[in-house]
1. For residue 72, are the conditions met, namely being assigned to a helix (DSSP H, G or I) and closer than 17 Å to residue 26 by Cβ?
2. Modelled with pLDDT under 75, crowded, with 17+ Cβ neighbours inside 10 Å, touching a strand residue (DSSP E or B) at 6+ places or on another chain (Cβ under 6 Å) and under 25 Å from residue 15 (Cα atoms) - does that describe any residue in the range 89-101?
3. Output the residue which, of all residues in the range 15-27 that are under 16 Å from residue 74 (Cβ atoms) and surrounded by 14 or more Cβ atoms within 10 Å (Cβ to Cβ), is farthest from the chain's Cα centre (by Cα).
4. Would it be correct to say that residue 86 is touching a helix residue (DSSP H, G or I) at 6+ places or on another chain (Cβ under 6 Å), part of a helix (DSSP H, G or I), at pLDDT below 90 and under 19 Å from residue 12 (Cα atoms)?
5. Every residue in the range 28-49 that is under 20 Å from residue 72 (Cα atoms), part of a helix (DSSP H, G or I) and free of Cβ contacts under 8 Å to residues at least 40 places away in the same chain, please.
6. Inside the range 1-14, can you point out the residues that are part of a helix (DSSP H, G or I) and either surrounded by fewer than 13 Cβ atoms within 10 Å (Cβ to Cβ) or within 10 Å of the chain's Cα centre (by Cα) (or both)?
């Protein structure tokens, strides 16, 4: 069995699993490194990846239609929801993060500190 040379490749990133993992890791890495993780970042990453697939097909001369842009948007929403589900695994119904037992951030106008794996919902 040969060892893979790359963790992510262009081909793996263009799969559903690869796009979902990238959407999961990028916002969480930015949160851990820079303390910056707005709620919309995961959606922006997912949409960027899915629109890049359509853009790549267009760039390579493959037949693209305007409807593929709509499908890319819907796929971006699916990828985002899947990554959002991964972040919600550690939270229980009381709104407490399972990893640290800290309350989840609320949308009450105050900027709540979010930790790694804080649910996006």
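1. no
2. Applying the first criterion (modelled with pLDDT under 75) to the range 89-101 yields 90-101.
Restricting the remaining residues to those that are crowded, with 17+ Cβ neighbours inside 10 Å gives 91, 97.
Cutting the leftovers down to touching a strand residue (DSSP E or B) at 6+ places or on another chain (Cβ under 6 Å) gives us 91, 97.
Of the ones still in play, those that are also under 25 Å from residue 15 (Cα atoms) are none.
Looking through the range 89-101, none of the residues is modelled with pLDDT under 75, crowded, with 17+ Cβ neighbours inside 10 Å, touching a strand residue (DSSP E or B) at 6+ places or on another chain (Cβ under 6 Å) and under 25 Å from residue 15 (Cα atoms).
3. Residues of the range 15-27 that are under 16 Å from residue 74 (Cβ atoms), as a first pass: 16, 19-20, 23.
Still in the running and surrounded by 14 or more Cβ atoms within 10 Å (Cβ to Cβ): 19-20, 23.
Values: 19: 7, 20: 6, 23: 2 Å.
Top of the filtered list is 19.
4. On the way: touching a helix residue (DSSP H, G or I) at 6+ places or on another chain (Cβ under 6 Å): yes; part of a helix (DSSP H, G or I): yes; at pLDDT below 90: yes; under 19 Å from residue 12 (Cα atoms): yes.
Taking the combined requirement at face value, the residue satisfies it.
5. Taking the range 28-49 as the starting set, the residues that turn out to be under 20 Å from residue 72 (Cα atoms) are 40-49.
From the residues that got through so far, the ones that are part of a helix (DSSP H, G or I) too are 41-49.
Within the range 28-49, 41, 43, 44, 45, 46, 47, 48, 49 qualify.
6. Going residue by residue through the range 1-14, those that are part of a helix (DSSP H, G or I) are 10-13.
If the condition is that a residue be part of a helix (DSSP H, G or I) and either surrounded by fewer than 13 Cβ atoms within 10 Å (Cβ to Cβ) or within 10 Å of the chain's Cα centre (by Cα) (or both), then 10, 11 are the ones that fit.
Residues are listed down the side, and each one gets a yes or a no for (1) modelled with pLDDT of 85 or more; (2) out of contact with any helix residue (DSSP H, G or I) (no Cβ under 8 Å at 6 or more places or on another chain):
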| position | (1), (2) |
| --- | --- |
| 3 | no, yes |
| 7 | no, yes |
| 16 | yes, no |
| 23 | yes, no |
| 52 | yes, yes |
| 64 | no, no |
| 72 | yes, no |
| 75 | yes, no |
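The values are calculated or read from the model by the stated rules, or taken from the named source; none is laboratory data. This one's a predicted model, so the numbers in the text were calculated from it and none came from an experiment. For neighbour counting, all protein chains shown are included, and Cβ atoms are generated from backbone atoms with ideal geometry for every residue, glycine included.
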